[in-house]
Structure formats: structure tokens, C-alpha cells
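Worksheet for the structure shown next.
The values are calculated or read from the model by the stated rules, or taken from the named source; none is laboratory data. Please read these numbers as outputs of a predicted model, since none were measured by experiment. Positions of Cβ are backbone-derived with ideal geometry, glycine not excepted, and every protein chain shown enters the neighbour counts.
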Amino acid sequence: MSAATSGTDAADTAAVRRAIASTARPPRPGPLSAALTFGWRGMLKVKHVPEQLLDVTVTPVMFLLMFTYLFGGAIAGSTSAYLDYTLPGLLVMSVLFTTVYAGISLNTDLTKGVVDRFRSLPIWRPAPLLGSLLGDSVRYAIAGTVVIVVGVVLGYRPDAGVAGALAALAMVVVFSFGLSWVFCVLGLLLRSPNAVMNAGFMGIFPLTFLSNVFVDPATLPGPLQAFVEVNPISILATACRSLMDGTPDAVAILVSLAVAAGLAAVFLPLTTRLYRSR
Amino acid sequence: MTLHAPLAIEATGLVKTYGETTAVAGIDLAVPAGVVYGVLGPNGAGKTTTIRMLATLIRPDSGSARVLGHDVVTEADAVREQVSLTGQLASVDEELTGRENLVLLGRLLGLRRVAARERADELLEAFGISAAAGKLVKHYSGGMRRRLDIAASIVVTPRLMFLDEPTTGLDPRSRNHVWEIARALVAEGTTILLCTQYLEEADQLADGIAVIDRGRVIAEGTPGQLKASVGTGALHVRLLDPDRRPEAAALLERAVGSAVLEPDPAALSAQCTDSARAALGVAELARAGIGIADFSLDQPSLDEVFLALTGHAAEEPPTATLEEQTS
């Protein structure tokens, strides 16, 4: 507290009384306005705690460098060939890792009592959840952009150009929006932000590695290959790859969108119900 | 408290259980509008759970409550429009600045962007937080944080405010500031439900008090009535000459009514029902020429009130505490 710089480090009772007396209650905000306000709150957090963004972008960049230069030659014959294969997958991985933070930040709000403040306001009930996921989507887009830009710096050139890259990015962000609700449920059920982080990564980490993000599943043993092929993360990576290559794989794209919609259909209502009853 | 004032809170038979634990076991409350009403009790007594029901954060398992004329279950939004919460009940966001917190709440309450900013600045100024307006709340001092907390709950002036443990952990100066703000709110017509563990705080602010223990209201009345039921506390005297203690004890027995020898060979104390008698006791000692090193009259603590009202100490059963934290 900088008492030295301001003479008023305490409340000014007369001013407090004026402030108390001076308000008329405005009409309630509409649902959209409330949700956008929560989105703004999410943006402010990115501004204040950029480390959060760093966490989720540094890891993929590390993986990108490591896999490309360490294993790329061995896996794909040359580093540049491997980069072509793996970059869309790393895009998927980095953004999906970011979704865990949706659950972590919801749990933080819950344990700090901020959720109770929001629940005590006369606003559209799902506004805080939708709004913060809107904010998160911006974060997803930033994380994805970082990966693509680093890839381009390393020599990656999507055949479908900027449009292809943007389409893939949009694909991942939409999928992440659906997946986020899973972590929101975790965030509402578990005790601490740390527990959410552990549980979240325990799920997303193996799922990402047991996919076609890093290697072509053709070389895998049968049962594993079967799993990798039905893993939604593989399908999403295939969809992104096809979009960036300029040869859109309609099936992969539709299946990815359907999975995202399915996740949202199950976990969104569950989230709002848990949120309401906490 | 006038009998015919409209009631701000009217609760009958509120019950809330969590698994095996009964947090609130049937609470009735009648709080008149325009006063500070204290809910006094130790941790785990059911205070927080009761207030969370009244503030529409959780639904009662049975019983009903009307807040400012609206049912807390069926008309929850109408209640939410007119109340606000502070402290542990509803926190400000530590990862935003003080100003951002107030603008955020202004927007969520329906103020337009410019109006929300102006209101935030007005409140920051009035609460003496302007200098730290752009700092993250997690870097605030305890007193400043508490003021922001209260400022956040009057972005739009509520008709009823739940003030939860407003001065726990504050130094005396910050505590007085918080009390001043509470008085200002009441002077402007807001009703305050004050949740506290301190009898002194209830005494300072509240017009009426309900004492809660094990999920029930065990006593109700004005602070004066409550204190009268336990006496004003004890007179403590420390003598210059320990040898004269028996003589002093006899004098106090006569003047005050009781005397207890303390482990310190120069000290003794007397339970008393009113401060005039305590003063008389001190005067008697002086007249007898017994030198006094120092003396004090203490207020009955919540523990003593509890002991007097319930016959058991105001301790917190561990299971109930856990429940209050997680509910």
C-alpha cells in the first residue's frame, strides 16, 4: 500500500456515503453482453499472467524442435519431410493441451470464491462458463498460431497456404471448444487446481502420444494401430493435415466436428448443472 | 428494533445436510429492514451455510426463506438483484486489478461501459484504493483487500448486504474503517446481515444478534441482553504487595461478589455483573490502602457467552469445519 503517495489510504466516509446514495439499479445485462464481459475477463488474465500462455506454447515448440531435429531424420528420412508430417499434429497437441487450463481456471475460481460472487449476480446462468470459454478460444488461437509460425520459420510450407493453415487452426479451435467442457466438469468435481491439472494431463498426454501426431501408424503393432486409428485425436490431426495440404479429408473433418459436438452435448449440460449446484 | 418494521429476512425451519453432517438443523430468523443484524457463532456452527441459503447460493433441504419479500428458491433472481455478498462468501478476483474487478461487476450488473468505469473510479476514490487501482488484487494488503471487497458489493447499492467476517485478521485501525463503512451503509438504508465470531464486533455494529450453535439459533436479542446473560466479564487486579492478597480478596468478595486467586501470587480476579460494581471494588481496595499495580475489566468473550448459553465451549468439531469449507 503506498500510503506515502496518497493521503487517502483509508475510506473517506463522506465519499462512501455519497457513493452508496448515488446509484439507481440499471436493467440486467442481456445474456450475450454478460458472456462477452466474461470473455473480456479471460483476456485480462492473459494480459496479467502471460506465463500461462508461455507454459502451453513452450512445450509444443520444444517438441517441435526435438522431434524434428532429433528423430525427424530417422522417422521420415529427412528433417524437412518429418516437419511436413508432424507440424499439423503438433498444432493439434499444443492447442489440446491448452484446453486443460479451462478446467484449471474454473477450479481456481471455485476454490477462491469468485464463482460464488458470479452466482450471486442476477445474470444468465451459463454466461460465466460460456464467456470464459470464449476467452479461452482466443488463447487456443494464439497457441496454435505460435506453433504454425515457428513451423514456418523452421521451413514448413503448407501446400494450401495461409488459407489452409487458418482452416486447420479453426478446426482445432472448434474441437477444443467442445473438449474444454470435459475439463470444466473435472474442474467442478476435483478439489484443487493441481488435481485438475494432473488428471487432465494424465488423460490428454497418452491420448496424444497414442495417435498419429508423431508417427505414421502403419508401422505400429496391430492392436495399437487399431486404437490409434479410432483415437479422435488422430482423426483431428488427419483433418488438420488434409486442410493444410489442400486435400480436405471430408470424413475426418466431419468426424472431428461430430466428436466435438458430442462432447459438448454431454459435458456442457453436465457442467452447467454442477456449476449451479455447487 | 421495532416490532412492526417490514422484515428484510424471514426464515423458517431452514435445514441443510451434507451426507451424515447436519450443517443447519432448523433455523428461524426474523431480521427487520434497515438494521445490522449479527449472526454470531464459532466456525462450523452453521453460519456460513445459513447465509449461503439466504443468498441463493445453495438450496435448503427443507424450510423456506424470504429475502426482501422474495422466496430464495422460487424467486432467486429477484433476491439476487437486491443483495450482495462479501468476504469468504463471494470473493473478488485476485488475478485482476482492483479497478478491473469493479468495472467487471459494474458491467455484469448492467452498467454501460463508460458508466461502469466512472463508478469504479468513484468507489476506488471513496474507499481510498485509487493509488493501487492498477495493481493486481493479490498484492493488496489485508485492509485494502477488505475495502475492495466491500466496494465490489456496492457497485450497485444493495438493499441487503451479507457481510461475512469483515474484520477477521485486520489491525484495529483497518477494523475501524470497515465498521465506519458498515455504519454508512445502514445510514443510507441498507440492511446488513453481519456474520462474525467476535462478540465485540456484534456489540459495535449490531442492533440484534442471533447466536448459532450446532445448526440452531440458541439465543436471540440485543447485544446488551446477551451480555447481561453472561455478565460483563471479569475484573482483574494485580497488587503491588502479594502479602495483602487475602485481605484484597475479602474486600472484593464484599464489593463485587466473588473473588478468585490466580496462579500469579499478586493477582486475583472477580466475576462481575456490571462495571459499576467493578469500579466500586477497585475503589474499596484503594481506600483500604492496598496498592494496585494494574487492573482491567474484560468483556465476556464469545467463548464465555457460549459457555453460559450452551454449557459447552465454542469449539469447532473437525467434520463441520471441513464441511463449511467445501460446501
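If you check A:PRO122, A:PRO88, which single one turns out to be at pLDDT 85 or above and within 20 Å of A:LEU169 (Cα to Cα)? Show your work before the answer.
On the way: A:PRO122 fails: within 20 Å of A:LEU169 (Cα to Cα).
The match here is A:PRO88.
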_If I filter region A:60-69 for residues that are touching a Pro at 6+ places or on another chain (Cβ under 7 Å) and assigned to a helix (DSSP H, G or I), do I get at least one hit?_
no
*Which pairs do you get when a residue that is free of Cβ contacts under 8 Å to residues at least 60 places away in the same chain, found in region B:38-65, comes within reach of a residue that is basic (Lys, Arg), reach meaning Cβ atoms under 7 angstrom, with the pair 6+ apart or on two chains?*
B:MET53/B:LYS16; B:THR56/B:ARG80; B:LEU57/A:ARG119; B:PRO60/B:LYS16; B:ASP61/B:LYS16
*State the number of residues belonging to region A:186-210 that are surrounded by 15 or more Cβ atoms within 10 Å (Cβ to Cβ) and either modelled with pLDDT under 90 or not in a loop (DSSP other than H, G, I, E, B) (or both).*
13
*Within region B:36-43, is there a residue that is small (Gly, Ala, Ser) and more than 17 Å from B:LEU160 (Cβ to Cβ)?*
yes
*Hey, among the residues in region A:48-59 that are part of a helix (DSSP H, G or I) and farther than 12 Å from A:ILE142 by Cβ, which one's farthest from the chain's Cα centre (by Cα)?*
A:HIS48
*region B:128-152, subset within 12 Å of B:SER174 (Cβ to Cβ) and at the interface with chain A (Cβ under 7 Å from one of its Cβ atoms), residue surrounded by the most Cβ atoms within 10 Å (Cβ to Cβ)*: B:ARG147
_Top-ranked residue of region B:32-62 - restricted to ones that are out of contact with any Cys (no Cβ under 8 Å at 6 or more places or on another chain) and part of a helix (DSSP H, G or I), ranked as nearest to the other protein chains (Cβ to nearest Cβ)_ = B:ARG52
*asked:* Criterion first (touching a helix residue (DSSP H, G or I) at 6+ places or on another chain (Cβ under 8 Å), in a helix (DSSP H, G or I) and under 10 Å from B:VAL36 (Cβ atoms)) does B:ALA202 satisfy it?
replied: yes
*Which condition does B:ARG80 not pass, out of (1) buried (at least 24 other Cβ atoms within 10 Å of the Cβ); (2) free of Cβ contacts under 8 Å to residues at least 40 places away in the same chain; (3) not acidic (Asp, Glu), if it passes all the others?*
(1)
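For region A:25-44, name all the residues that are farther than 14 Å from A:ILE142 by Cα and either assigned to a helix (DSSP H, G or I) or away from chain B (no Cβ under 14 Å) (or both). Outline the logic, then answer.
The first filter runs over region A:25-44 and keeps only residues farther than 14 Å from A:ILE142 by Cα, leaving A:25-41, A:44.
Selection gives A:PRO31, A:LEU32, A:SER33, A:ALA34, A:ALA35, A:LEU36, A:THR37, A:PHE38, A:GLY39, A:TRP40, A:ARG41, A:LEU44.
Taking region B:113-124, which residues are over 11 Å from B:LEU148 (Cα atoms) and either among the small types (Gly, Ala, Ser) or within 7 Å of another protein chain (Cβ to nearest Cβ) (or both)?
Step one: of region B:113-124, the residues over 11 Å from B:LEU148 (Cα atoms) are B:113-119, B:121-122.
Residues satisfying the conditions are B:ALA115, B:ALA116, B:GLU122.
Filter region B:63-85 for residues that are facing another protein chain (nearest Cβ under 9 Å) and touching a Ser or Thr at 6+ places or on another chain (Cβ under 9 Å) and give the result.
The first filter runs over region B:63-85 and keeps only residues facing another protein chain (nearest Cβ under 9 Å), leaving B:76-85.
Within region B:63-85, B:ALA76, B:ASP77, B:VAL79, B:ARG80, B:VAL83, B:SER84, B:LEU85 qualify.
Filter region B:275-294 for residues that are more than 21 Å from B:GLY233 (Cα to Cα) and without any contact (Cβ under 8 Å) to a residue 40 or more places away in the chain; which is surrounded by the most Cβ atoms within 10 Å (Cβ to Cβ)? Spell out how you get there, then give the answer.
Initially, region B:275-294 is screened for residues more than 21 Å from B:GLY233 (Cα to Cα), giving B:286-291.
Add one more test, that the residue is without any contact (Cβ under 8 Å) to a residue 40 or more places away in the chain, and what stays is B:286-287, B:289.
On the way: B:ALA286: 11, B:ARG287: 9, B:GLY289: 8.
Here the answer is B:ALA286.
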*Being farther than 19 Å from A:ALA163 by Cβ and buried (at least 17 other Cβ atoms within 10 Å of the Cβ), is that true of even one residue in region A:251-259?*
yes
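Name the single residue, out of those in region B:87-112 being among the charged types (D, E, K, R) and in contact (Cβ under 8 Å) with a residue 24 or more places away in the chain, that is farthest from the other protein chains (Cβ to nearest Cβ). I'd like the intermediate steps shown before the answer.
Of region B:87-112, the ones among the charged types (D, E, K, R) are B:93-95, B:99-100, B:107, B:112.
Filter once more, so that each one left must be in contact (Cβ under 8 Å) with a residue 24 or more places away in the chain: B:93-95, B:99.
Details: B:ASP93: 5, B:GLU94: 6, B:GLU95: 6, B:ARG99: 11 Å.
Per the stated criteria, the residue is B:ARG99.
From the set of residues in region A:78-110 that are hydroxyl-bearing (Ser, Thr, Tyr) and under 21 Å from the mean Cα position of the chain (by Cα), which is farthest from the other protein chains (Cβ to nearest Cβ)? Lay out the reasoning, then the answer.
Taking region A:78-110 first, the residues hydroxyl-bearing (Ser, Thr, Tyr) are A:78-80, A:82, A:85-86, A:94, A:98-99, A:101, A:105, A:108.
Remaining after also requiring under 21 Å from the mean Cα position of the chain (by Cα): A:86, A:94, A:98-99, A:101, A:105, A:108.
Details: A:THR86: 35, A:SER94: 23, A:THR98: 17, A:THR99: 19, A:TYR101: 13, A:SER105: 9, A:THR108: 8 Å.
Looking at the filtered set, the residue picked out is A:THR86.
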